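Chemist: Shown below is the structure under consideration.
What follows is calculated from the coordinates using simple rules that are stated; it is not laboratory data. Here the structure is a predicted model, which means the values were calculated and not measured. Counting neighbours? That spans all protein chains shown, and the Cβs are built from the backbone with ideal geometry, glycine included.
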Amino acid sequence: MDNRELFRMALAALPNAYAPFSGFRVGAALLTEEGKVFTGVNVENSSYGGTICAERTAAVKAVSEGYRSFSRLAVAASEGIGYPCGICRQFLYEFAPELEIILGEDEEHLQVYTLKELLPEGFRL
Ligand code: THU
């Protein structure tokens, strides 16, 4: 699975985003070491703090299905580049400090980061 394909899967999830409050839809596609992809979208709530981001939705889906080793994550947003928020960076760091993160406005303009670049000193107990 190449980066473009993974990004397309993040993009394909976008219509399922539930974002009536911000109008900002996010889709994520998380590739496990086993080669399985879990997608996720942001799911907002009337009690705004209850909102969950697309990246964490994908990670929680994977972990709850027994997958904990991740190699790559692609994120697509309804506008601009969907940089993962700080909470998502830390959440992903728990399972995959070596994660690669694929971002871009479209599949022709993808940027590749490591999680370490986006979160240089993640927290560990
Ligand atoms: N959002 C994500 O899904 N991922 C991020 O990393 C940043 C923010 C969502 C949460 C909320 O539904 C909307 O974007 C606006 O903050």
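Chemist: Once you place label points 7 Å from the Cα toward the Cβ at Ile81 and Glu117, how far apart are they in nm?
Modeler: Placing both labels 7 Å beyond Cα along the Cβ direction yields 0.9 nm.
Chemist: Now for a separate question. Rounded to the nearest 500, what is the 222 nm mean residue ellipticity of the chain from helices alone, with -39500 (n - 2.57) per DSSP H run of 4+ residues and division by all residues?
Modeler: Computed ellipticity for the chain at 222 nm equals -8000 deg cm²/dmol.
Chemist: Something else about it: Please label the shape of the chain as rounded, prolate or oblate, based on the square roots a ≥ b ≥ c of the eigenvalues of the alpha-carbon gyration tensor (a/c under 1.5 means rounded; beyond that, a/b larger than b/c means prolate, else oblate).
Modeler: Here the chain falls in the rounded category.
Chemist: Here's another thing I want to ask about it. In whole Hz, with x marking every Gly and Pro, tabulate ³J(HN,Hα) for region 39-53 from phi via Karplus 6.51 cos²θ - 1.76 cosθ + 1.60, θ = phi - 60°.
Modeler: So the Karplus estimates, Gly and Pro as x, are 9, x, 9, 6, 10, 8, 9, 4, 8, 3, x, x, 5, 10, 6 Hz.
Chemist: Using the Karplus curve 6.51 cos²θ - 1.76 cosθ + 1.60 with θ = phi - 60°, what ³J(HN,Hα) values do you get for each residue of region 70-78, in whole Hz, with x for Gly and Pro?
Modeler: Here the 3J(HN,Hα) series is 10, 10, 9, 9, 10, 10, 10, 10, 5 Hz.
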